[in-house]
Amino acid sequence: MARRKKIYEGKAKILYEGPEPGTLVQYFKDDATAYNAEKKATVEGKGVLNNRLSEFFMKGLNAIGVPTHFIRRLNMREQLIRQVEIIPLEVIVRNYAAGSMAERLGMDEGTQLPRPIVEFSYKDDKLGDPLVPEEYIIAFGWATQQDMDDIVALALRVNDFLSGVMYGVGIRLIDFKIEIGRIWEGDYMRLIVADEISPDSCRLWDIETGQRLDKDVFRRDLGSLADAYTEVARRLGVLPSNITHAPKPTLIN
Ligand code: TMP
């Protein structure tokens, strides 16, 4: 049997050549990393959960007219996506102070921000993904002013959608990261949401208890990451029936 061609391997995903030109197969690994891969582990079932969760969010975005790279899920760990040219930025939207913002500004985690704040990091592991002002992005030609206006508009639509969906299942969307890609349709270029949307790239807190349901569980050793992601998937009704990591029964008072 012919081996398919690996295009790229990242920390949590692998991209393979797709069945048609302009497509790729995105494979979700069980690997978890934090602090620029200084901390590493394998979390059984994470790839399966993130494949489902990213499918759920991307499909929802497509349905409300926010374009994404998602075409369809292929199996437990793989989805068919559109090939894009990734803009080398992490687009971060924050609704509440947490993580690096809370640390940088000495704010209490969970402080509500006056409005959603969009910020950008330059995607470069060797440099530790430094925060960059829009001025740098435009001056260095990573994106144009028009691109940046479109990216901010996309990011805020993703924020409204994700915040609403999560609120509906009792989860507060603290912040998240997306990546944006370019696709060409004839002479026209469009910007679309790419990469993944999952608890690996969001901060999700239970509204009632403040319990962390995202990768901070792994970063800060707060318990089982698989349990946290399973809980998010269960609440959203996208729990795969045959994942290796079975959810624990919950006590009903
Ligand atoms: P931060 O507080 O560490 O800057 O992260 C903000 C949000 O962006 C948080 O939800 C985690 C996410 N994020 C990633 O998914 N990947 C990254 O490389 C970074 C820096 C942040």
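Just so it is clear, none of the values below were taken in a lab; they were calculated from the coordinates. Not measured: the values here are computed from a predicted model. All Cβ positions, even for glycine, are placed from backbone atoms using ideal geometry, and neighbour counts span all protein chains on display.
Things worth noting here:
- Enumerated strands (runs of 3 or more DSSP E) restricted to the range 42-113, each holding at least 2 residues that are within 16 Å of the ligand (Cβ to nearest atom) and touching a residue at least 24 places away in the same chain (Cβ under 8 Å): 89-96
- For the range 13-38, residues that are aliphatic (A, V, I, L, M) and over 18 Å from Leu80 (Cβ atoms) total 3.
- Residues of the range 114-134 that are within 11 Å of the ligand (Cβ to nearest atom) and either at positive phi or assigned to a helix (DSSP H, G or I) (or both): Asp125, Gly128, Asp129.
- Some residue of the range 145-166 being over 30 Å from Lys59 (Cβ atoms) and without any contact (Cβ under 8 Å) to a residue 12 or more places away in the chain: yes
- Among residues of the range 190-231 being of a type in the set (S, T, N, Q) and in contact (Cβ under 8 Å) with a residue 40 or more places away in the chain, the one that is nearest to the ligand (Cβ to nearest atom) is Ser198.
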